[in-house]
Amino acid sequence: MRKQTTEVIAIGDELSTGQRLDTNSHWLSNQLTNMGLSVQYHSTVADDVNAITDVIRTAKNRSNFILITGGLGPTADDLTREALAAAVDQPLIENPEALQHIINLFKRRSREMAPNNRRQALLPQNATLIHNDEGTAPGVDIIIASSEHRARVFCLPGVPAEMKLMFNSHIIPAIRQDMPGTPQITRQYVVKTFGMGESNLEHKLPQVFQRARSPIVGITASHATITLRFQITAATDEQCQELAQPTLDEIVNTLGDVVFANHEVELGTKVCQLLVQNEETVATWECGTQGQVATMLHAPLYPALVVSRFNLATDGFPFTHDATAVKLTNLATSFQRETGATYAMLVGPVRRSDQSAAVVPRFDVAIADRKGSSVQTHDFTGHPDILLTKAAKQAINQLRLYMKIAQ
């Protein structure tokens with residue numbers, strides 16, 4: 001069964017100019033996707049009646065459900081009602097129930113209603129009122145049907161608290177009633193990886209990333225962490241999991257230790273969770289990463305995990321840039337004994353032997369526990385904006401893999 005196509009439209013100069021972040025569309029898209037709908041389009045439109053009208057006209061001809069937020073207030077720049085009426089070729093009519101709600105709301109709050117609040121009771125002629133128990137802006141529900149296409153438009157206020165209440169109380173039941181066949185749910189699956197680039201990862205999993213397969217697996221990169229995502233739609237959670245498992249298994253079995261989680265979590269937080277689970281601690285001593293490792297591991301939820309934090313850039317580094325791996329591991333071992341932490345991590349300085357572009361800067365990371373130690377050399381490369389973050393993650397990932405071997 002083809003998914004119902006859905007569109008989300010956000011109205012407001014403050015959104016189109018970038019003055020404020022459109023969190024409503026983000027929240028709505030998640031809710032709609034979890035309901036089994038296919039959110040195909042997002043639009044952000046300024047407070048211009050012609051622009052809003054054009055976007056609604058386009059949306060009603062290509063989408064089954066259209067959700068519009070914003071532009072339902074009482075001021076001159078609140079133009080969603082007028083634009084919707086123009087897009088569906090219907091006059092605006094004052095809705096007595098909506099007007100009475102607005103009057104009663106002002107009475108309950110012991111405030112005088114301004115004349116311009118009355119315009120909030122205007123709805124397109126064939127529209128249905130969506131009650132707003134928390135504010136003066138009623139929502140709008142209207143069906144636009146022709147011989148070729150049927151669309152249902154919902155207009156909600158831009159205030160997030162009001163919008164969410166109205167979505168839960170009215171929109172969800174309305175869409176469920178409109179959706180043909182057995183109600184479906186959509187579940188999203190995530191695989192988090194570190195240590196392999198996008199192109200290499202895609203090369204390892206050619207079948208998984210074919211656009212013609214189902215499910216379609218997407219890949220994104222953020223601060224050197226590569227995330228794989230896909231969705232499954234079925235009648236129950238159990239059916240979703242059953243359909244998702246072959247894809248999850250193929251990814252995990254192929255990538256092995258490159259995978260560090262199968263849910264939304266940062267690498268540092270994942271290592272913190274493993275430390276808590278194993279009742280272990282870590283001591284960090286950094287130079288090249290300038291305290292980023294300790295920052296990533298010293299999350300508010302895990303204050304006792306990092307027992308010592310030294311920034312070698314300011315506290316002084318006990319050896320030169322050409323120190324041997326043996327000296328680095330010996331220092332890590334001494335550091336572990338001194339602090340009593342389960343693991344001690346020492347991040348050395350970035351080594352730049354000369355200024356030639358052909359020479360790759362590198363840094364060493366030594367990890368020690370009571371049983372032994374290990375040292376690895378990492379390239380200090382990447383975009384300047386993520387250079388330190390990537391290096392810190394390389395060190396933390398080395399700790400994750402060391403912990404796995406140590407268990």
Next item on the list: Name the one entry in N34, N50, N61, N24 that is surrounded by fewer than 16 Cβ atoms within 10 Å (Cβ to Cβ) and within 21 Å of the chain's Cα centre (by Cα).
Entry: N34
Next item on the list: Hand me the list of helices (runs of 4 or more DSSP H) wholly inside the range 159-227 holding 1 or more residues that are free of Cβ contacts under 8 Å to residues at least 40 places away in the same chain and under 22 Å from H263 (Cα atoms).
Entry: 198-204
Notebook entry, point to check: Do we have any residue at all in the range 77-87 that's touching a Pro at 6+ places or on another chain (Cβ under 7 Å) and assigned by TED's automatic domain parsing to the domain that holds S146?
Noted result: yes
Item checked: Members of the range 212-260 found to be surrounded by 13 or more Cβ atoms within 10 Å (Cβ to Cβ) and at positive phi, listed by number -> H223, A224
Notebook entry, point to check: If we scan the range 195-209, do we find a residue that is modelled with pLDDT of 90 or more and among the aromatic types (F, W, Y)?
Noted result: no
Notebook entry, point to check: Is there a residue in the range 236-249 that is part of a loop (DSSP other than H, G, I, E, B) and farther than 21 Å from D385 by Cα?
Noted result: yes
Item checked: Breaking point among (1) out of contact with any helix residue (DSSP H, G or I) (no Cβ under 7 Å at 6 or more places or on another chain); (2) on the phi > 0 side of the Ramachandran plot, for Q290 -> (1)
Next item on the list: Determine, yes or no, whether T80 is closer than 18 Å to L129 by Cα, at pLDDT 95 or above, polar (S, T, N, Q) and within 23 Å of the chain's Cα centre (by Cα).
Entry: no
Note to self: Out of everything in the range 276-286 that is crowded, with 22+ Cβ neighbours inside 10 Å and hydrophobic (A, V, I, L, M, F, W, C), what residue ends up being farthest from V191 (Cα to Cα)?
What the structure shows: W285
Notebook entry, point to check: Are any of the residues in the range 118-129 surrounded by fewer than 17 Cβ atoms within 10 Å (Cβ to Cβ) and touching a helix residue (DSSP H, G or I) at 6+ places or on another chain (Cβ under 7 Å)?
Noted result: yes
Margin query: Contact list please: Cβ distance under 6 Å, first residue in the range 5-27 and in a strand (DSSP E or B), second residue aromatic (F, W, Y), pairs at least six apart or on different chains.
Written below: T6/F65; E7/Y41
Checklist line | Of the criteria (1) of a type in the set (K, R); (2) at pLDDT below 95; (3) under 20 Å from L297 (Cβ atoms), which one K390 fails | finding: (2)
Check: Counting just the residues of the range 314-353 that are of a type in the set (S, T, N, Q) and loosely packed, with under 13 Cβ neighbours inside 10 Å, which one comes out modelled with the highest pLDDT?
Finding: T324
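The values are calculated or read from the model by the stated rules, or taken from the named source; none is laboratory data. Remember, it's a predicted structure, so these values are computed and weren't measured experimentally. Note that each Cβ is placed from the backbone with ideal geometry, even for glycine, and that neighbours are counted across all protein chains shown.
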